[in-house]
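The values are calculated or read from the model by the stated rules, or taken from the named source; none is laboratory data. Worth saying up front: this structure is predicted, and the values here are computed from it rather than measured. Heads up, the Cβs are rebuilt from the backbone with ideal geometry, glycines too, and the neighbour counts pull from every protein chain shown.
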Amino acid sequence: MSTQSNTPAPIAAQPVVVVGGPTGPSGGPTGPTGPTGATSPTGPTGRTGPTGLTGPTGLTGATGLGAFTGPTGYTGPPGSFGPVGPTGWTGPTGSTGATGTVSGSTTVSSLPAPSNVGDRNFVTDATATTFNSVVVGGGTNKVPVFADGSNWKIG
């Protein structure tokens, strides 16, 4: 005669081990995952050990040839030159306009008519310094100008 109880035995007191019994069908549902436990605190960092000794410095090899520079040589007397080569060819002379190149500095309003292409001058009251732009007076810029046949331009 056996005695049955509706109260399960405590696991810690009487574990139940099934040996050789049949298992259930595979592929069944899996139960929910339990909560994750709390993170443990990190312990203190350990100490660093002493630094080891450094060995002696090794020997330096021999210096190669040409490693040393000799004393500076003497410089020749002032004005001493080697031989000078021949002078190169001179190009043809350009044509001069009817009134030629204007020299000196002036203001834009005092420039002559720009009718002779290539005439040059220098103005002291340009408003801009942009190369190849038509010069306009009333500023403080000092720029060279050239005539293109219709306008005085900066350059």
Which residue, of P112, P86, is surrounded by fewer than 12 Cβ atoms within 10 Å (Cβ to Cβ) and at pLDDT below 95? P86
Only listed residue being among the aliphatic types (A, V, I, L, M), at pLDDT below 70 and either surrounded by 10 or more Cβ atoms within 10 Å (Cβ to Cβ) or touching a strand residue (DSSP E or B) at 6+ places or on another chain (Cβ under 8 Å) (or both), chosen from V102, V134, V123, V117: V102
Filter result for the condition that a residue is more than 30 Å from D119 (Cβ to Cβ) and at pLDDT below 75, over G94, G43, G28, G34: G28
